[in-house]
Amino acid sequence: MKWVRRGENARALGLGGVLLAGFLFFGSVVNAHEPLGEWLFFHYALAWVLALVLLGSSFVGGYGLLEYLGGARFSKREELTVATAVGVLTFGLLVFFIGLVGGLWAGSFYAIPAILVAVGWSRAARDLPRFVRLLRRVELRVAAWQLCAWALAAVALWLIYVQLLTPEAFGFDERWYHLPIAQRYALTGSTGRFEEGFWQQANPQLASYLYTWAFLTPRVLLFDRLEACAHIEFVLFLATLAQVPVLARRLAPRLRHPVSALVLLTFPCIYLYDGNLHVGADHVAAFFAIPAALAALRCLRELSPRSAVVFAACAGGLALTKFTAWCVVVPLLVLVGGRGVWLSIRRRPGAFVGLATAVGACLLVTAPVWLRNLVWFRDPLYPFLHEHFPSRPWNPDAPGPIAAMQTLMQGQSLASNDFLEALKATLTFSFIPNDWFVFHRDVPIFGSLFTLTLPCLLFVKRPARLVAAHACVMLSLLLWHLLHHADRYLQVLLPWMAAVTAACLARVWEYGWLARGPLLGLVALQLVWGGDVPFLRTHNLLDDSPVRVAEAFLASGFEQKPRRLVPYEPLGTIGEATPEDAVILAHDLVTILGLDRRWVTDVHESRFSYGVLRTPERIHRELSALHVTHLLWTNTALGRDSLASDFAFLDYALHYAEDPEVISGYTLARVPKDPPPATHDDARVVVLSCGPPYPTGVYRLSDLRLPVVNAGPAPPAEPLPDGPHAALATASFAAVERRCHPKVNVPPRFRLSQMRGRVELYVAGVANQ
C-alpha cells in the first residue's frame, strides 16, 4: 500500500502547489491595484496584537501578584477579574516609574510586558491545565433567545468598534492632552515634569501611561500607534463587559447566564460622542469599577492587610485614571473605612491593622498623583490650589487663564453645590441630559433601565443585596452631580449600573410571565429608542457621526486618497517639514496631535506669560530655556490669555522668527539662534473697541494684561481727539473691532496678523502677505 500513500502525498503536494500558485497570482493582481503593505487589515492586525499583548501580559502578571496577596480567597471568576485589574495598574505604573528615570525607549516596549509575564508565569503555567479542562467542560448549547441576544450584541459591538477605525473620530480631550502627553513621554523617553507647567499633566495619567507603551512601538507609522491606543481601550471595554456577570452573580446568585454582560450594551450613551469609546480615560477608569467593588466586598468580610492592599490597588486604578472617578471611589472608601472603624471599636483581632494597611496602601498607590504634584508643582491639585500652595512654575498672569478654563469647564451649569438638586438628579439623570447642548440637544440618550427598574425593589423577595447595591450607585450619582455632572463622567459608573440592572432583571424574571412580558417590553422600548444613536451626526469635531466617517475611511483605499494614513492633516505635513529632533511651540493650539514631534504648549501652562515677558529678547530667552526650535501658530487667537500676550507673541514671531512658511492656514517658523536686541520700550497700542474691557484709546502694551474672566476696570487710556489715524502713526500695534469702527483704514505699514474673536489684531513693521 506504499504506492497508494505515495500517490496521495503526490496529490496533496500537487494541490498545495496549485493553491500556492493561485495565492501568489491573486496577490500579484490585487497588489497592482493597492500595495499589500498599505492594506488596512495589517495595520489593524498589528493594533489587535499590541492591545492583546498589553491585556494578556497584565492578566498573567496580575494573576501572579494576586497569589501573594491572598487571591485564593476570591471565587475563581472574581479572582480573574481582580487579577486583570491589578495587572493593568501594574503595567501603567511600570511605564511611569521607568519613565521617571528616562528609561522609555524601544527596549522598554519589549521589557514591560516581559516583566509582567515573568512575574506571573509560574502560577499561570501551573493553572493552565485546569483552565483547559474547564473549557472542555463548557457546553455550547445556546437557547434561541440567547442566540438572538448574542447576535444583537455582535452588531452593537461592531457599531462601537467601527468608530475606532480612524483617528479622525477620536475625541477632543484625546487630541488635546491624553494622547499628546503619551506621545511626548515616548518621544522624550521620560514621564518627568513638563517644564512649561502644562496643567493637564497634573491630572491622573494612568490611561496616558498605557497609551505611552503603544507610542513606543518601533518602526511603525503614527497611524499604527494611534490605532493601537484605540484597540487598547476597546479590549479593556471587552474586559469590562466580561466583568458585569461576575458582579451581577454576586447580587443575584441564581443568575448563571453570561448574557447578563449584554445589559451594558443597552445603554445608548456608549454609542454617541462623547460617551462612546474615543481613546480617552473614561472607559479605562470604568474597567476598574467592578474589580474595586469586588475587592471592597472582600474587605467587608475580612479586613486583613492582604485584602486591604488588593482593595487599594483596584480603587487606586480608578483614582489614578480620572479625578471624576472619585464619585465611585468615595462610596467604597466609606464602606471599607466604616467597616474597619466598626471592627476596631469592637476590638476584633487584626481589624485596626487591616484598616491602617488600607489607609497606607491607598496613599501609596495614589502617590503618583498627589505626591508627584507636590514634588513637581508644590500643589497637589495644581494649578487650582495656587491660592493656598506656592505653586511652581508660576507667573503673575496665570490666574487669568485658570479662571477662563474653569469657566469653560463649568459651562452649561455642569457644576453645582445644590444638594437638593443633586438629590433630585439621582432619579432624573437619565431623562434630563446633563451635557453640553451641542452634543445631543435635550434628547435623553444615556439609558434608563437602571432608573426604571428601581421601583421593582419594592416587590421582589429578599432584596437586601439589591437595595445595598442600588444605594451605592445612588450615592455615586449624588457625588457625580456635585462634582461635575457631565454625562460622560458617568461612564465610570456604568459597569455598576449594568451589573445592578442585570441582577434586578434576573430577579424580576423569576416571577413568571406576568412580570416577564412587561419586562421584555421595557427592554425592547429602550433598544428601539436607542437604535439610531450610533448614527447621530453630533461629533463636534467632525460635524458627522463617527460611524459614517469610519466607513468613508475604510473606502479610502479604493478611492485612492493620498496620504490617507497620515492623520490630522495638515499637522502631519507640518511635522514632516521639521527635523526629527525639533521641539515645536504650539501657540494657542489645543488639538496638536498629529505633529509627531516633541512639543511645548503655551496654552494652559503657568511658567510664562508673553504679556509679562513683553519684549522679544525676554520671550526668546524663555523659549530657548525650553529648547524650542520652531513656532507654530494660526491666524486665529484662542482668546484665553490677555491681549498683551497676543501682541507680544506676534511681535516676536513676525519680526524675529526665521523662514516662515504658511501650510494650510498654519504658520511654521524657526526660532533664531541669536536673541533679539534687548529693549525696554513699552510699545503703544491703539484700541478701537465697542466697549469693555478696553474703551477706545491709546494704551501701553503693559496696560493690556487684564484677564479674560473678571477683567475689572481697564487702566486709563489716552484719548483720540484727532481721530485714530494720528495715533496709528506712532503706534506699534492696533486692535480694531470692526462692528463699531467699520470705516477705519489701518495704514499699510500694519499687517492684519490675527483675529481675536471679532477683534482684528494688527502689527506694525511687517510686510503684508
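The values are calculated or read from the model by the stated rules, or taken from the named source; none is laboratory data. What you are looking at is a predicted structure, and each value in this text was computed from that prediction instead of being measured. Heads up, the Cβs are rebuilt from the backbone with ideal geometry, glycines too, and the neighbour counts pull from every protein chain shown. Surface areas here come from the heavy atoms of the whole protein model, side chains and all, with no ligands, DNA or RNA. Shrake-Rupley method; radii C 1.70, N 1.55, O 1.52, S 1.80 Å.
Here are the numbers:
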{"quantity": "Subset of the range 335-385 (residues that are free of Cβ contacts under 8 Å to residues at least 40 places away in the same chain, open to solvent by 70 Å² or more (accessible area, probe 1.4 Å) and in a helix (DSSP H, G or I))", "calculated": "VAL341, TRP342, ILE345, PHE352, VAL359, LEU363, TRP370, LEU371, VAL375"}
{"quantity": "Residue list for the range 81-108, restricted to those being surrounded by fewer than 18 Cβ atoms within 10 Å (Cβ to Cβ) and either in contact (Cβ under 8 Å) with a residue 24 or more places away in the chain or under 19 Å from GLN201 (Cα atoms) (or both)", "calculated": "PHE97, LEU100, VAL101, GLY102, GLY103, TRP105, ALA106"}
{"quantity": "Test: residue in the range 100-107 that is assigned to a helix (DSSP H, G or I), at pLDDT 95 or above and more than 22 Å from LEU247 (Cα to Cα)", "calculated": "yes"}
{"quantity": "Qualifying residue in the range 194-214 (condition: touching a Lys or Arg at 6+ places or on another chain (Cβ under 8 Å), β-branched (Val, Ile, Thr) and at pLDDT 95 or above)", "calculated": "no"}
{"quantity": "Tabulated pairs, the range 462-474, first on the phi < 0 side of the Ramachandran plot, second of a type in the set (A, V, I, L, M, F, W, C) and not in a helix (DSSP H, G or I), C-beta under 8 angstrom, 6+ apart or interchain", "calculated": "ARG465/ALA252; LEU466/ALA252; LEU466/VAL460; VAL473/LEU493"}
{"quantity": "Every residue from the range 26-39 that is without any contact (Cβ under 8 Å) to a residue 40 or more places away in the chain and either part of a loop (DSSP other than H, G, I, E, B) or surrounded by 10 or more Cβ atoms within 10 Å (Cβ to Cβ) (or both)", "calculated": "PHE26, GLY27, SER28, VAL30, ASN31, PRO35, LEU36"}
{"quantity": "Test: residue in the range 143-156 that is open to solvent by less than 60 Å² (accessible area, probe 1.4 Å) and outside any helix (DSSP H, G or I)", "calculated": "yes"}
{"quantity": "Checking PHE215 against (1) in contact with a strand residue (DSSP E or B) (Cβ under 8 Å, 6 or more places away or on another chain); (2) without any contact (Cβ under 8 Å) to a residue 40 or more places away in the chain, the condition it does not meet", "calculated": "(1)"}
{"quantity": "Residue check for GLU8: more than 24 Å from GLY316 (Cα to Cα) and among the charged types (D, E, K, R)", "calculated": "yes"}
{"quantity": "Selection count where residues are free of Cβ contacts under 8 Å to residues at least 24 places away in the same chain and either of a type in the set (Gly, Ala, Ser) or within 13 Å of LEU236 (Cβ to Cβ) (or both), scope the range 40-55", "calculated": "1"}
{"quantity": "Failed criterion for VAL744 (all others in (1) of a type outside the set (D, E, K, R); (2) under 30 Å from LEU408 (Cβ atoms); (3) crowded, with 17+ Cβ neighbours inside 10 Å hold)", "calculated": "(2)"}
{"quantity": "Matching residues in the range 715-741 - criterion: being within 40 Å of the chain's Cα centre (by Cα) and open to solvent by 70 Å² or more (accessible area, probe 1.4 Å)", "calculated": "ARG739"}
{"quantity": "Extreme residue, nearest to LEU89 (Cα to Cα), among residues of the range 181-208 that are open to solvent by 10 Å² or more (accessible area, probe 1.4 Å) and in a helix (DSSP H, G or I)", "calculated": "ALA186"}
{"quantity": "Hey, SER122 open to solvent by 20 Å² or more (accessible area, probe 1.4 Å), of a type in the set (Gly, Ala, Ser) and in contact with a helix residue (DSSP H, G or I) (Cβ under 8 Å, 6 or more places away or on another chain) or not", "calculated": "yes"}
{"quantity": "Matching residues in the range 436-478 - criterion: being within 17 Å of VAL334 (Cα to Cα), buried (at least 17 other Cβ atoms within 10 Å of the Cβ) and among the small types (Gly, Ala, Ser)", "calculated": "ALA469, SER476"}
{"quantity": "Residues located in the range 423-435, provided they are out of contact with any Phe, Trp or Tyr (no Cβ under 6 Å at 6 or more places or on another chain), open to solvent by less than 40 Å² (accessible area, probe 1.4 Å) and without any contact (Cβ under 8 Å) to a residue 40 or more places away in the chain", "calculated": "THR428"}
{"quantity": "Number of the exception - VAL547 against (1) over 25 Å from ALA149 (Cα atoms); (2) part of a helix (DSSP H, G or I)", "calculated": "(1)"}
{"quantity": "Complete set of residues in the range 516-540 that are over 20 Å from VAL443 (Cα atoms) and surrounded by 17 or more Cβ atoms within 10 Å (Cβ to Cβ)", "calculated": "LEU519"}
{"quantity": "Checking ALA555 against (1) out of contact with any strand residue (DSSP E or B) (no Cβ under 9 Å at 6 or more places or on another chain); (2) surrounded by fewer than 23 Cβ atoms within 10 Å (Cβ to Cβ); (3) over 25 Å from ASP173 (Cβ atoms); (4) in contact (Cβ under 8 Å) with a residue 12 or more places away in the chain, the condition it does not meet", "calculated": "(4)"}
{"quantity": "Residue check, ALA577 of a type in the set (Gly, Ala, Ser), within 30 Å of HIS630 (Cα to Cα) and touching a residue at least 24 places away in the same chain (Cβ under 8 Å)", "calculated": "yes"}
{"quantity": "Strands (runs of 3 or more DSSP E) wholly inside the range 572-674 containing at least 3 residues that are more than 20 Å from ASN395 (Cβ to Cβ) and open to solvent by 50 Å² or more (accessible area, probe 1.4 Å)", "calculated": "658-663"}
{"quantity": "Residues (touching a Lys or Arg at 6+ places or on another chain (Cβ under 9 Å) and open to solvent by 10 Å² or more (accessible area, probe 1.4 Å)) located in the range 294-307", "calculated": "LEU297, LEU300, ARG301, GLU302, LEU303, SER304, ARG306"}
{"quantity": "Looking only at the range 63-80, and only at residues there that are small (Gly, Ala, Ser) and surrounded by 22 or more Cβ atoms within 10 Å (Cβ to Cβ), the one that is farthest from the chain's Cα centre (by Cα)", "calculated": "GLY71"}
{"quantity": "Subset of the range 308-323 [touching a Pro at 6+ places or on another chain (Cβ under 8 Å) and either of a type in the set (A, V, I, L, M) or open to solvent by 10 Å² or more (accessible area, probe 1.4 Å) (or both)]", "calculated": "ALA319, LEU320, LYS322, PHE323"}
{"quantity": "Matching residues, the range 691-714, being closer than 12 Å to PHE733 by Cβ and open to solvent by 60 Å² or more (accessible area, probe 1.4 Å)", "calculated": "ARG700"}
{"quantity": "Flag if VAL328 is closer than 19 Å to ALA471 by Cα, open to solvent by less than 10 Å² (accessible area, probe 1.4 Å), in a helix (DSSP H, G or I) and free of Cβ contacts under 8 Å to residues at least 60 places away in the same chain", "calculated": "no"}
{"quantity": "Single condition SER260 does not satisfy, out of (1) open to solvent by 30 Å² or more (accessible area, probe 1.4 Å); (2) at pLDDT below 90; (3) among the small types (Gly, Ala, Ser)", "calculated": "(1)"}
{"quantity": "Unique match (being assigned to a loop (DSSP other than H, G, I, E, B) and closer than 15 Å to ALA644 by Cβ) among ALA731, ALA735", "calculated": "ALA731"}
